Amino acid sequence: VNISDFAKKYGVAADSIDFLSTQYDGFSDVVKQTISNAFGELEKIGEEMISQIELIAAFLKVSKVDAYTKKEFADVLSGDISTYDGPRLASTVRYLLDNGEGFALSTIAYEHLHVVDIYKKSIYSWDEAFYLTILLHVPFIYFRQLDWEFQEFWLSFYFVKAQIAGVPLTHVLQDYLYQETSTLVDYVNENIFLLKSLDKNKETLPLGLDGESIALGSLFKDYMLRLGDKFNDGYKREEYIDEHVAHVENKGLWKHVLRKVLYIYGHIKSVDLIEKNRGSEPNEKEIFDTQMEHLLTWWIDEDFWSLIADYFTKEFKPKENEYPSVVPLEPFLLQIQANESLEDQKTQEKVIRFNEFLREQGVLKEDQDIVVYNQQTSAFEWNTSL
């Protein structure tokens, strides 16, 4: 490397370049060669860092880069286009995700990543790891929309890689189990499907002695055999993990990965990765009816009127669920009118007290009343215009 050219390339001031050149010329040829080699390595590292920053900036839309078309993008991944612009490729992934083409992108990702030589690969350059990371997020974002064959593929060949890439797998699978199961039978069947897909996992982890690899499917079997019915015991799981990462490089990484994948596997096995599914949730009418029952029950006993006030003035969460208030004030008051008679003196007095209570608590406005006095009939009547 020419020291002067190197310094100019990285914006070193002219007087500093002259100083460096003078110092450099005074060294022996051996020292000059050593310095030149060192600057050559530094230049290479600098160029690599710039290239990496350009890729990240393009994906994050920090820099403006035109995207490829879907076909061009697919052709680049398949090798039909031999030369390509890295930042433009990264920008295309983000563009497709942001413009409703994520599902199509997941199909393109599959066509590229289902190749045996790619999914069996264990060592990646920085650029390869970057592209794999952004591509792997796509099929898991759209996991619920994929056909089962593709879901099985991603779980069987890219489960560990997705975890390393930062895909929130626990959330993805919880969302899948919640949204895609309308009955208890569906819920159980989908757990079985996920479990079998993970049991088929072909990925290998460098966790054996002397760096030998262990297939994830085999690790799951060993884990269940060793821990028995304690497979969801966090302390037992940590002991198992510590044993397996004791002799590996990147111990922190593999400990994190094992903690995640064994947690997910164990809770799919026990069918409690998520406690309930969408089909088990009450619909809006059921929530409305349940809360109306609460309100009418509280209306009966004046000791519970404070709960009614809280319901209409604060966020209400009954103990048996976590649903906010859905019953408006008017339907509740109409139910009281439909089920109570003002001809009964005690009921009339109770309603008047309730009216004043609701006003004091800020539930009723100053000009609102549940009952009104009819001077012609000399009697209280329900306020039907409330």
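None of the figures in this text is laboratory data; all of them are computed from the coordinates on show. On a predicted model such as this, the values are computed, not experimentally measured, just so you know. Reconstructed Cβ throughout: ideal geometry from the backbone, glycine too, with neighbour counts over all protein chains shown.
Structure data summary
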item	result
5 angstrom amide H check on V248, placed H, neighbours 5+ away	none
Vicinal HN-Hα couplings computed from phi for the range 148-161 (Karplus, 6.51 cos²θ - 1.76 cosθ + 1.60; Hz; Gly/Pro x)	4, 4, 6, 4, 4, 4, 5, 6, 8, 10, 9, 5, 5, 4
Net charge dipole size for the range 284-382 [Lys, Arg +1 and Asp, Glu -1 on Cβ; Debye, nearest 20]	120 debye
The range 180-267 - charge dipole about Cα centre, Lys and Arg +1 at Cβ, Asp and Glu -1, debye rounded to 20	40 debye
Dipole moment magnitude, nearest 20 debye, the range 215-359 about Cα centre, only Lys, Arg, Asp, Glu C-beta charged	1040 debye
Cβ crowding within 10 Å averaged over residues, with 171-180, 145-154 ranked highest first	171-180, 145-154
Most mobile listed residue (N99, N374, N201) in the chain, GNM with C-alpha springs under 10 Å	N374
FRET E, pair T377, Q179, Förster distance 56 Å, beta-carbon r, rounded to 0.05	0.45
Cα-projected label distance for F304 with L42, points at 7 Å along beta-carbon direction, nm	7.9 nm
Amide H contacts of V371 (H built 1.01 Å from N, under 5 Å, at least 5 apart or other chain)	N383
Signed unit charges on C-beta, dipole axis of the chain, positive-most listed residue L177, L77, I192	L77
Placed amide H near I214: partners under 5 Å, 5+ positions off or other chain	L205, L207, G208
Positive-end residue of P168, V327, A246, charge dipole of the chain with Cβ unit charges	A246
Additional length obtainable on full extension of the chain from D186 to V116, 0.36 nm per residue less Cα span	22.0 nm
Virtual spin-label span in nm between K346 and L296, 7 Å along Cα→Cβ	2.0 nm
For the range 72-78, Karplus couplings with θ = phi - 60° (6.51, -1.76, 1.60), whole Hz, Gly/Pro x	4, 4, 5, 5, 5, 5, 7
Three-way shape label, the range 284-382, alpha-carbon gyration tensor, a/c 1.5	prolate
Phi to ³J(HN,Hα) by Karplus 6.51 cos²θ - 1.76 cosθ + 1.60 over the range 98-110, Hz, x for Gly, Pro	7, 10, x, 10, x, 5, 4, 5, 5, 5, 5, 4, 4
For Rg/Rh (Cα atoms, Kirkwood Rh), calculated from these coordinates, the label among (i) 1.22; (ii) 1.47; (iii) 1.25	(i)
